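Reviewing the structure listed below.
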Amino acid sequence: MSGAVEVGNVSAEPGAREQGYITGVELTTGDSIDIPVIVLNGTKEGPTALLFSTQHGKELQGTAVVHEVIHERLSPEEVAGTIIAIPVANPLAFMHATYRSWVDNRDIGYVSVENPKGNTTERIANAIWENAWSKADIVVNYHCNDHPDSLYFQIIKPTKKTEADVERAAEAFGITTIRKDEIVESGPGPVGADRIATLSNKGAAEGVPELMVEFINGRYLDDTSLRVGVDGTINVLQEFDLLEGAPSEGPQADITLVPCQYTGGSGVNRAHGMIRNDSGGIFYPRQPTGEFVGEGETVADIVDLHGNHVESVKMPVDGYLWAYAGSQQFATSGGMQTIESGGKVVYAFTHEEKI
């Protein structure tokens with residue numbers, strides 16, 4: 001049997017579930033803003049899983065999933081190894097319900113983890129890396145799209161070190177999977193020597209596999225997101241031998257699924273990028289997410305503040321939509337159903353029958 005597991009100010013003996021904090025930062029008032037953490041140390045030796053939620057402060061669904069898994073679904077007696085759970089990874093963003101930190105407008109997932117004496121957000125990212133992420137054998141990273149007109153989906157960014165494990169995790173969780181092998185418009189691909197040492201990039205470079213899960217309608221809790229998140233997480237924990245049993249079929253009931261090789265279909269879904277607009281105003285989605293859209297079809301119409309139609313935004317490729325976004329106000333990915341020129345209309349992906 002392994003010994004005590006220490007994370008932040010938490011020390012969990014085998015067979016214990018303990019909670020506490022990873023030291024964060026101090027505000028101008030001297031008040032400490034720390035990162036909540038729960039450690040469930042099993043009674044048998046095994047790997048370490050990190051359940052990581054709310055990197056973005058207004059994405060709430062994963063917090064409820066972490067709470068349900070740790071407090072209701074699991075006991076230390078049935079776990080082989082350790083589960084580290086961070087239900088709110090960016091408390092600075094969470095306390096103001098903002099996408100990024102209200103202090104410096106930075107994202108803990110996009111800054112270097114190698115600067116313990118760096119800016120405010122870098123210090124939080126470093127604390128998470130040193131105390132939790134670097135210790136993990138598998139990371140499940142929960143996010144949410146803002147709008148209900150979105151898919152439940154997951155992103156994998158395989159590297160030579162992590163490919164086998166991220167593919168296993170994707171198959172186990174069982175929702176629409178989008179694979180990023182190259183740099184795409186909507187964000188970076190897998191880690192390279194020239195990339196910032198973010199949580200994801202440094203983790204991938206050191207062989208820590210990460211599954212990024214996206215729920216929908218992130219501001220409000222709902223039963224479907226909870227079921228999808230809990231069932232998928234239990235499957236991943238079983239796949240990586242933290243729990244006994246084989247993963248069941250992924251949480252596919254009552255949700256739209258675009259199949260690929262990770263979800264019982266064939267081929268691969270790949271991110272295409274963001275579809276953007278030229279005219280500002282109020283936008284109206286015209287295509288459902290998760291259903292095939294042909295090149296040249298209208299995905300959204302935009303009207304000006306007088307109510308006049310000013311633009312029809314077209315699909316640039318044959319493919320699918322995963323989530324409408326909208327206004328980038330307040331450094332968010334979807335502040336309102338309004339949009340400025342060059343805004344974020346909708347995320348698109350394509351399907352390839354062969355890798």
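The values are calculated or read from the model by the stated rules, or taken from the named source; none is laboratory data. Please read all numbers here as calculations on a predicted model, not as lab measurements. Here the Cβ positions follow ideal geometry from the backbone for every residue, glycine too, while neighbour counts run over all protein chains shown.
For segment 41-95, the set of residues classified as in contact with a strand residue (DSSP E or B) (Cβ under 7 Å, 6 or more places away or on another chain) and of a type in the set (Asp, Glu) consists of 45, 59, listed by residue number. None of 89, 85 is assigned to a loop (DSSP other than H, G, I, E, B) and either closer than 18 Å to residue 133 by Cβ or charged (D, E, K, R) (or both) except 89.
This table checks each residue for (1) basic (Lys, Arg); (2) over 21 Å from residue 149 (Cα atoms); (3) in contact (Cβ under 8 Å) with a residue 12 or more places away in the chain; (4) surrounded by fewer than 22 Cβ atoms within 10 Å (Cβ to Cβ).
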{"position": "218", "(1), (2), (3), (4)": "no, no, yes, no"}
{"position": "224", "(1), (2), (3), (4)": "no, no, yes, yes"}
{"position": "227", "(1), (2), (3), (4)": "yes, no, yes, yes"}
{"position": "235", "(1), (2), (3), (4)": "no, yes, yes, no"}
{"position": "239", "(1), (2), (3), (4)": "no, yes, yes, yes"}
{"position": "249", "(1), (2), (3), (4)": "no, yes, yes, yes"}
{"position": "254", "(1), (2), (3), (4)": "no, no, yes, yes"}
{"position": "284", "(1), (2), (3), (4)": "no, no, yes, yes"}
{"position": "287", "(1), (2), (3), (4)": "no, no, yes, yes"}
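In segment 276-283, the count of residues that are of a type in the set (Phe, Trp, Tyr) and outside the structural domain of residue 310 (by TED's automatic domain parsing) is zero.
When residues in segment 164-183 are screened for being basic (Lys, Arg) and assigned to a strand (DSSP E or B), 1 of them pass. Quick one: in segment 132-180, of everything that is over 16 Å from the mean Cα position of the chain (by Cα) and β-branched (Val, Ile, Thr), which residue is nearest to residue 239 (Cα to Cα)? In this case the residue turns out to be 162.
Scanning segment 216-242 for residues that are part of a loop (DSSP other than H, G, I, E, B) and either charged (D, E, K, R) or closer than 27 Å to residue 164 by Cα (or both) yields 219, 222, 240, 241, 242. The number of residues in segment 45-70 being under 14 Å from residue 240 (Cβ atoms) and of a type in the set (Lys, Arg) comes to 0.
Yes or no: segment 141-163 includes at least one residue that is part of a loop (DSSP other than H, G, I, E, B), buried (at least 21 other Cβ atoms within 10 Å of the Cβ), of a type in the set (Gly, Ala, Ser) and modelled with pLDDT under 95. Checked segment 141-163: no residue is part of a loop (DSSP other than H, G, I, E, B), buried (at least 21 other Cβ atoms within 10 Å of the Cβ), of a type in the set (Gly, Ala, Ser) and modelled with pLDDT under 95.
Could you please find all residues in segment 36-82 being part of a loop (DSSP other than H, G, I, E, B) and in contact (Cβ under 8 Å) with a residue 60 or more places away in the chain? Quick ask: steps written out before the conclusion?
First pass over segment 36-82, keeping only residues part of a loop (DSSP other than H, G, I, E, B): 42-43, 54-60, 74-75, 79.
Within segment 36-82, 42, 54, 55, 56, 58, 59, 60, 74, 79 qualify.
Can you find a residue in segment 243-265 that is on the phi < 0 side of the Ramachandran plot, outside any loop (DSSP other than H, G, I, E, B) and modelled with pLDDT of 90 or more? The answer is no; no qualifying residue exists.
Residue 81 - would you say it is touching a Phe, Trp or Tyr at 6+ places or on another chain (Cβ under 9 Å), modelled with pLDDT of 95 or more and of a type outside the set (Asp, Glu)? Answer is yes for this residue. Only one entry in 305, 321 is of a type in the set (A, V, I, L, M), over 26 Å from residue 69 (Cα atoms) and surrounded by fewer than 15 Cβ atoms within 10 Å (Cβ to Cβ), namely 305. Somewhere in segment 91-99, is a residue surrounded by fewer than 18 Cβ atoms within 10 Å (Cβ to Cβ), of a type in the set (Phe, Trp, Tyr) and modelled with pLDDT under 95? Looking for residues that are surrounded by fewer than 18 Cβ atoms within 10 Å (Cβ to Cβ), of a type in the set (Phe, Trp, Tyr) and modelled with pLDDT under 95, one finds none in segment 91-99, hence no. Residues in segment 140-165 that are more than 21 Å from residue 255 (Cβ to Cβ) and touching a strand residue (DSSP E or B) at 6+ places or on another chain (Cβ under 8 Å): 157, 158, 162, 165. For residue 112, state whether it is closer than 18 Å to residue 197 by Cβ, assigned to a loop (DSSP other than H, G, I, E, B) and at pLDDT below 95. Considered against the rule, which asks whether it is closer than 18 Å to residue 197 by Cβ, assigned to a loop (DSSP other than H, G, I, E, B) and at pLDDT below 95, residue 112 comes out as yes.
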